[in-house]
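Structure first, commentary second.
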Amino acid sequence: MLEGYQRNGAFDELIDGSGVPRYRGLASRLNTLNFTDLAVRQKTAEEHLREKGITFAVYGHSDGTEKVWPFDVVPRAIPSAEWNQVERGLQQRIRALNLFLDDVYGPKHILNDGTVPRELVLTAKTYRPVCEGFRPPKGVWTHITGTDLVRDKDGAIYVLEDNLRCPSGVSYVLENRELMKRVLPEVFLGASIAPVEHYPEQLLKTLVQTAPQTADRPTAVLLSPGIYNSAYFEHSFLAQQMGIELVFGPDLVVADGYVQMRTTTGLQRVDVIYRRIDDDFLDPKCFREDSVLGVPGLMEVYKAGRVTLANAPGTGVADDKAVYAYVPKIIKYYLGEDAILPNVPTYICDEPAECDYVLSHLHELVVKPTNESGGYGLLMGPTASQAERDACAAAIRANPRNWIGQPMLTLSTVPTVIGDGLVPRHVDLRPFILYGDDIFVLPGGLTRVALREGSMIVNSSQGGGSKDTWVMLNELAT
Amino acid sequence: MLSRVANCIYWMNRYIERAENVARFVDVNQSISLGGTPQWAPLVYASGDEELFSKHYGEFSTENVLRFLLFDEQNPNSILSCAKYARENARTIREILSVSLWESINRFYLRVRDGMAHSDAVLQNPHQFLERVKRSSHQVIGVTEATLSHGEAWHFARVGQLLERADKTSRILDVKYFILLPAASHVGSTLDVVQWSALLESTSALHAYRKTFGRIEPKSVAQFLILDRNFPRALRFCVVQAQASLHEITGTPIGEITSPVTERFAALRTQLRQTTINDIFNQGLHEFIDGFQDSVNGLGSEIFSAFFDTKPIETTDVASDQKISESSFSQTQTQS
């Protein structure tokens, strides 16, 4: 089946430069299938997803509010030795970023001695003055992180984004694995793959470990903005898997100094809120007044240490794309270590010299707003029209703080079923990291794939799909 | 459990049951109409949606009425709308449903959508589609029995299902009443027996009725569907079982009156125990059914205020004047 496969010049995760499979066992098992088989399996998978209602919502999409999650049956493999390195790199990064958050909302050493420019941090829209002087239980700010990694042409893995707010996608990691076992069981034969099924258990443990000290047997809930949110499937999936209540804002109320939920038998205290709504909407008395998704008075209870919010409000400042450029320095500053995982080189438009560089190299850079996610507001310099580049340049001049530039990377590819053939499609990788008493990294993570030829935009809101991700325990990369 | 969740599971089941009963309505009317003059208007009258119907259709043709009852999204009680609302409610509380229960509701909805995609063919010959709707509903009920813990959520689901069913069985009886009214001379004729049999068939009651009463007589059929203690679609059965579930929820002995809702249940149950079929016919079947439907609606409102109503809570913070919007709790509810 892999016979006619043509690489496209990027690093390919399955086939190396001389056309030899990196994982011989996996390749030979894939080769036992023909395209007719594969097409049938692909259909079975899609049918299964529709029946199970595994969907995501796309804002502004007119064809109903839900779309089935696009899934590709060819897995993306990672050798375990390489994975170990990634895991250590992520642990290091998360440890440093939490120390950074503790510091910028506390004594501000790193700003006072100029290692990170004070202005850059304090002017970030995601900096929350209300959190100053507050320290969450055990100093954990980012209970759940979904770091975006990419592999460039040179084969090196880079951190693209940190995603420290409400990263989503982990439910698809679990569902993809389940689906693969159902539709392509033979591909698993003889392979030893790191399991992912224990994630909900780890997540629940993390939430309980970071509960307020005063809570005896902590009650955790998941706070969702509701069924029209693009990640609603994930919210209900995780709540069900952990056996905790899924609540909406109006289910919660502040009474007697605690957060409580309204039940058929009266109010019941809540100790930990795994919140999947943004800081802005958490508490209309503290942030956006017009929010109906949050809980009035929540922040006051939070600051009194009577409820834990996961993730903590204010973490957004550490995944601001301009602050991102300083993460290697942040790691060095707090841990005295060099970063294990490199950053993508980043030009901060707030620095005049770097801004000039970005403006004169728009045709070869990716330009990103510093405070957006989901691939919104991006400019892909090489493929954009002159008019798009001009509009972007004007936006940068108007507010340089809002923009960064990065060289255009060539994301690695994985063979992907398109039509009746296997073709290379670009992928990224989002591992999930939990921080409670210690730092747990889920093996593998979510591999997102850009289904359009040549596209590097993998976001599900913009035509991306996903693949199962295998950390190979017993197969050596060649 | 959360009030909102209890509300959703209650309505989820009401909508599933409602969809099944609309299918039963249409089915019985289809059978009654074949070999006679088709009468579709009574169906719309019995569901209480005649105003909405006249606004959008006008003529009570077979096709108009079927389209209205099966696939009209503007009709909140059409099979399509019910399937949609049931799924919407289920999706909102997916984390408390068993995986297979969610899947069976999702499949229900997908099947109805599928029928909608071939609506012209379905309207020509709706039988197969209606069968599929009934079977899907039974599947949901079976999966609920077998995979959901019989705790609070299950009892709320059951109360919703039984109250809806009681209401709809009474309406099916009413359809027959409307159809027969202009031709009272038919009573006891062959045609009459055919029609009453069709009615029993549509409530899956024919065999059970035969075993209890043998010959088909209008009064006995009414007695069976209203007063039988063991038949699961009979009014009395539904009320008794719903009351049992309600007392499981409140944790009080059956019949003990501790609130307006327990009081209403006790009263309705007593009425069904003491009334005879002769009383009902003397009073007028239609009048009795009207009264019964009022009682069921009353129970629905009492259940809402006892368990689901999220009154604004006095917070300890004096400055708080935020009133919680109740609209988000009722947005997927409509009552017929």
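Read-outs: derived from the displayed coordinates by stated rules, not from any lab. Note that the coordinates shown come from a computational prediction; the quantities given were computed from them, not determined experimentally. With ideal geometry, Cβ positions are generated from the backbone for all residues, glycine too; neighbour counts draw on all protein chains shown.
Numerical summary
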| quantity | calculated |
| --- | --- |
| Calculated FRET efficiency for the pair A:Arg182/B:Asp120, C-beta based, R₀ 41 Å, to 0.05 | 0.70 |
| J(HN,Hα) series, region A:245-253, from Karplus relation 6.51 cos²θ - 1.76 cosθ + 1.60, nearest Hz, glycine and proline x | 6, 9, 10, 9, x, x, 6, 10, 8 |
| Average partner coverage of B:75-86, which counts Cβ from other chains inside 10 Å | 0 |
| Label-point gap, in nm, between B:Ala41 and A:Asp16 - each point 7 angstrom along Cα→Cβ | 8.4 nm |
| Region A:347-407 - charge dipole about Cα centre, Lys and Arg +1 at Cβ, Asp and Glu -1, debye rounded to 20 | 120 debye |
| Alpha-carbon Debye profile of region B:1-148, log10 I(q)/I(0) at 0.12, 0.16 Å⁻¹ | -0.50, -0.83 |
| Dipole of chain A, positive direction: furthest Cα of A:Thr265, A:Ser460, A:Tyr127, with charges on the beta-carbon | A:Thr265 |
| Counting DSSP beta bridges with both ends in the protein assembly as shown, the antiparallel % (nearest 5) | 75 percent |
| Over chain B, relative contact order from alpha-carbon pairs under 8 Å, at least 6 apart, % | 22 percent |
| Cα-projected label distance for B:Arg113 with A:Met408, points at 7 Å along beta-carbon direction, nm | 3.8 nm |
| Förster-model FRET efficiency, 35 Å R0, A:Asp338 and A:Lys125, C-beta, rounded to 0.05 | 0.70 |
| Förster radius 25 Å - calculated FRET efficiency between A:Glu300 and A:Asp102 (Cβ-Cβ, nearest 0.05) | 0.70 |
| Rel. contact order, % - alpha carbon contacts under 8 angstrom, at least six apart, chain A | 24 percent |
| Karplus-derived HN-Hα couplings along region A:422-433 (A = 6.51, B = -1.76, C = 1.60, θ = phi - 60°), whole Hz, x at Gly and Pro | 9, 9, x, 9, 6, 10, 10, 8, 10, x, 10, 10 |
| Lysine pair count for chain B [Cα-Cα under 29 Å; pairs on different chains or 8 or more apart] | 19 |
| Pairwise centroid distance, computed over Cα atoms, of region A:380-422 with region B:1-69, Å | 53 Å |
| Relative packing of peptides A:101-111, A:446-456, B:153-163 - highest average C-beta neighbours within 10 Å first | B:153-163, A:446-456, A:101-111 |
| Tensor-based shape of region A:104-177 (alpha-carbon gyration tensor, a/c under 1.5 rounded, otherwise prolate or oblate) | oblate |
| Euclidean distance of C-alpha centroids, region A:335-349 and region A:428-454, integer Å | 19 Å |
| J(HN,Hα) series, region A:305-312, from Karplus relation 6.51 cos²θ - 1.76 cosθ + 1.60, nearest Hz, glycine and proline x | x, 9, 8, 9, 10, 10, 6, 5 |
| Candidates per GluC sites (Glu not before Pro) in region B:249-298, loop by DSSP, up to 13 other Cβ within 10 Å | B:Glu256 |
| Lone cysteines, chain A (no partner Cβ under 4.7 Å) | A:Cys131, A:Cys166, A:Cys286, A:Cys392 |
| Relative contact order (percent, whole number), region A:347-407, Cα cutoff 8 Å, 6+ residue spacing | 47 percent |
| Listed pairs A:Lys52/A:Lys285; A:Lys138/A:Lys368; A:Lys52/A:Lys368; A:Lys153/A:Lys329; A:Lys368/A:Lys467; A:Lys43/A:Lys321 exceeding 30 Å between Cα atoms | A:Lys52/A:Lys285; A:Lys138/A:Lys368; A:Lys52/A:Lys368; A:Lys43/A:Lys321 |
| For A:Leu378, A:Leu120, order by how many other beta-carbon atoms lie within 10 Å, fewest first | A:Leu378, A:Leu120 |
| Per-residue mean of C-beta atoms belonging to partner chains within 10 Å, peptide A:16-24 | 0 |
| Dipole axis of chain A (+1 Lys, Arg; -1 Asp, Glu on Cβ), positive-most option in A:Phe287, A:Thr214, A:Tyr357 | A:Thr214 |
| Region A:242-260-region B:263-313 distance, computed between alpha-carbon centres (Å) | 34 Å |
| Linear extension gain, A:Asn474 paired with A:Asn112, 0.36 nm per residue minus alpha-carbon span | 125.4 nm |
| Amide H partners (placed H, <5 Å) of B:Phe60, local residues excluded | none |
| For A:Leu365, residues with placed amide H under 5 Å, excluding near neighbours | A:Gly381 |
